[in-house]
Amino acid sequence: MTANPRDGGARPQLSSEDSRLIQELVSEYCGLTHGIDSAFFLERRLAPRLEALGLSNFRDYYYYLRYDPGGPRELEDAVERLTTHETYLFREQYQLDAFTQELVPELAARFAARRRLTVWSAGCSTGEEVYTIAMLLREHERLRGWNVRVIGSDISRKVITKARRAVYGASSFRAITSYWQQKYFRDVEAGLEVREDLRAMCSFGQLNLLATDRYHAIGNCDVVFCRNVLMYLAAPARARIVDGFFDTLSRGGVLLLGHSESLLNVTTRFDLVHLTSDLAYRRPP
Ligand SMILES: C[S@@+](CC[C@H](N)C(=O)[O-])C[C@H]1O[C@@H](n2cnc3c(N)ncnc32)[C@H](O)[C@@H]1O
């Protein structure tokens, strides 16, 4: 194998066998398959880690990931480099409209006796989805005086730290209107910060969605947003995660996926809800 680049040698190259081993390990850990099937992509994203750890080849990196005491932490770092964290405020507005105009009134009627609504944004990345949902629910006339909580989770600690910090730059604001921006954000040195009253409705935690036995930490919820996450995962991982959502949702609670995702060939446990411009999935009441 090639020498350590620190010693002036060539960059280590990823053989197809090492690529397969690393892909398997990553997929076992978090379900991720989409995108990481390219050895070129893996090599480019992970080469800096070999250098940082002083390893001269990818097989040693694989052994490190699998057997070294530092392996679990390194695996988190590797996954961080292999996943996309793309997100922004008010992403997929048509779906948010369907949620507020068609689903929330129904949920408000269903849970009127308890006047409490809990929403989970699963795979929330840096938190824009969480704060978007919080803004919409805070202003919803049918939820006045309700106890509304929005919980965000992601496998990446880095994005969760950023979500808690709640300071965003221009790219997060590409789809927001000035009404929401002026009302819920204030200028700070590093960008625009979410106002404290909105932050108080939201909480964040690191969670690997494959660890369905840890969903109890989220508690029972009434709505799950899991948008643009399942599309990157293998079929068995999707099925397992969606089963976990089903068990976590209240009866009559709803699951919303990203625009290119569906439960086709994943599960038949949910009822399909046809909205004017979208589809959602309901746990039968
Ligand atoms: C493209 S972002 C989607 C963010 C947001 N839901 C949206 O639609 O704008 C996908 C997120 O899913 C997270 N993710 C991927 N696999 C995961 C897993 N097994 N458990 C938890 N989060 C995961 C990634 O870390 C990433 O932040």
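The values are calculated or read from the model by the stated rules, or taken from the named source; none is laboratory data. Everything quoted here is computed from the prediction, not taken from an experiment. Ideal geometry is used to build each Cβ from the backbone, glycine not excepted, and the neighbour counts take in all protein chains shown. For the accessible areas, the whole protein counts, side chains as well, though only heavy atoms, and no ligand, DNA or RNA atoms are used. Shrake-Rupley method; radii C 1.70, N 1.55, O 1.52, S 1.80 Å.
Please determine whether any residue of region 186-204 is within 26 Å of residue 26 (Cβ to Cβ) and of a type outside the set (Lys, Arg). Yes, region 186-204 has at least one match.
Evaluate the following for residue 283: is it more than 21 Å from residue 136 (Cβ to Cβ) and out of contact with any strand residue (DSSP E or B) (no Cβ under 8 Å at 6 or more places or on another chain)?
Working: more than 21 Å from residue 136 (Cβ to Cβ): yes; out of contact with any strand residue (DSSP E or B) (no Cβ under 8 Å at 6 or more places or on another chain): no.
So residue 283 does not fit the description; no.
Residues being within 12 Å of the ligand (Cβ to nearest atom), within 23 Å of residue 254 (Cβ to Cβ), touching a Ser or Thr at 6+ places or on another chain (Cβ under 9 Å) and assigned by TED's automatic domain parsing to the domain that holds residue 228 are represented in region 137-153 by at least one member.
Consider residue 97 carefully, then state whether it is assigned by TED's automatic domain parsing to the domain that holds residue 210, among the acidic types (Asp, Glu), over 20 Å from the mean Cα position of the chain (by Cα) and within 24 Å of residue 184 (Cα to Cα). Please lay out each step first, then the result.
On the way: assigned by TED's automatic domain parsing to the domain that holds residue 210: yes; among the acidic types (Asp, Glu): yes; over 20 Å from the mean Cα position of the chain (by Cα): yes; within 24 Å of residue 184 (Cα to Cα): yes.
So residue 97 passes the test.
For region 52-72, which residues satisfy the criterion of being free of Cβ contacts under 8 Å to residues at least 12 places away in the same chain and either surrounded by 17 or more Cβ atoms within 10 Å (Cβ to Cβ) or more than 16 Å from the ligand (Cβ to nearest atom) (or both)? Break it down stepwise before answering.
Initial filter on region 52-72 (free of Cβ contacts under 8 Å to residues at least 12 places away in the same chain): 52, 60, 63-64, 67-72.
Answer for region 52-72, where residues must be free of Cβ contacts under 8 Å to residues at least 12 places away in the same chain and either surrounded by 17 or more Cβ atoms within 10 Å (Cβ to Cβ) or more than 16 Å from the ligand (Cβ to nearest atom) (or both): 52, 60, 63, 64, 67, 68, 69, 70, 71.
Looking at 84, 100, just one residue is more than 23 Å from residue 237 (Cβ to Cβ), in contact (Cβ under 8 Å) with a residue 40 or more places away in the chain and among the β-branched types (Val, Ile, Thr), and that residue is 100.
Conditions (1) open to solvent by less than 10 Å² (accessible area, probe 1.4 Å); (2) among the hydrophobic types (A, V, I, L, M, F, W, C); (3) free of Cβ contacts under 8 Å to residues at least 40 places away in the same chain; (4) closer than 17 Å to residue 96 by Cβ, marked per residue:
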residue: 249; (1), (2), (3), (4): yes, yes, yes, no
residue: 264; (1), (2), (3), (4): no, yes, yes, no
residue: 267; (1), (2), (3), (4): no, no, yes, no
residue: 277; (1), (2), (3), (4): no, no, no, yes
residue: 285; (1), (2), (3), (4): no, no, no, no
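Taken over region 75-115, the residue count meeting the criterion of being open to solvent by less than 40 Å² (accessible area, probe 1.4 Å), touching a helix residue (DSSP H, G or I) at 6+ places or on another chain (Cβ under 8 Å) and not acidic (Asp, Glu) is 14.
Could you pull out the residue among 142, 114, 149, 138 that is free of Cβ contacts under 8 Å to residues at least 12 places away in the same chain and more than 14 Å from the chain's Cα centre (by Cα)?
Working: 142 fails: free of Cβ contacts under 8 Å to residues at least 12 places away in the same chain; 149 fails: free of Cβ contacts under 8 Å to residues at least 12 places away in the same chain; 138 fails: free of Cβ contacts under 8 Å to residues at least 12 places away in the same chain.
Testing whether each residue is free of Cβ contacts under 8 Å to residues at least 12 places away in the same chain and more than 14 Å from the chain's Cα centre (by Cα) leaves just 114.
Taking the conditions exactly as written (in the same structural domain as residue 107 (by TED's automatic domain parsing), within 12 Å of the ligand (Cβ to nearest atom), free of Cβ contacts under 8 Å to residues at least 40 places away in the same chain and buried (at least 16 other Cβ atoms within 10 Å of the Cβ)), does residue 232 satisfy them or not?
Details: in the same structural domain as residue 107 (by TED's automatic domain parsing): yes; within 12 Å of the ligand (Cβ to nearest atom): yes; free of Cβ contacts under 8 Å to residues at least 40 places away in the same chain: no; buried (at least 16 other Cβ atoms within 10 Å of the Cβ): yes.
No; evaluated as a whole, the condition is false for this residue.
Kindly indicate whether residue 86 is assigned to a loop (DSSP other than H, G, I, E, B), within 16 Å of the ligand (Cβ to nearest atom) and either not hydrophobic (A, V, I, L, M, F, W, C) or not assigned by TED's automatic domain parsing to the domain that holds residue 131 (or both). So residue 86 passes the test. Within region 203-229, being within 14 Å of the ligand (Cβ to nearest atom) and assigned to a strand (DSSP E or B) holds for 204, 205, 206, 223, 224, 225, 226.
When you check residue 265 against the structure, is it under 20 Å from residue 34 (Cβ atoms) and over 20 Å from the mean Cα position of the chain (by Cα), yes or no? Full working, then the answer.
Values: under 20 Å from residue 34 (Cβ atoms): yes; over 20 Å from the mean Cα position of the chain (by Cα): yes.
It is true that residue 265 is under 20 Å from residue 34 (Cβ atoms) and over 20 Å from the mean Cα position of the chain (by Cα).
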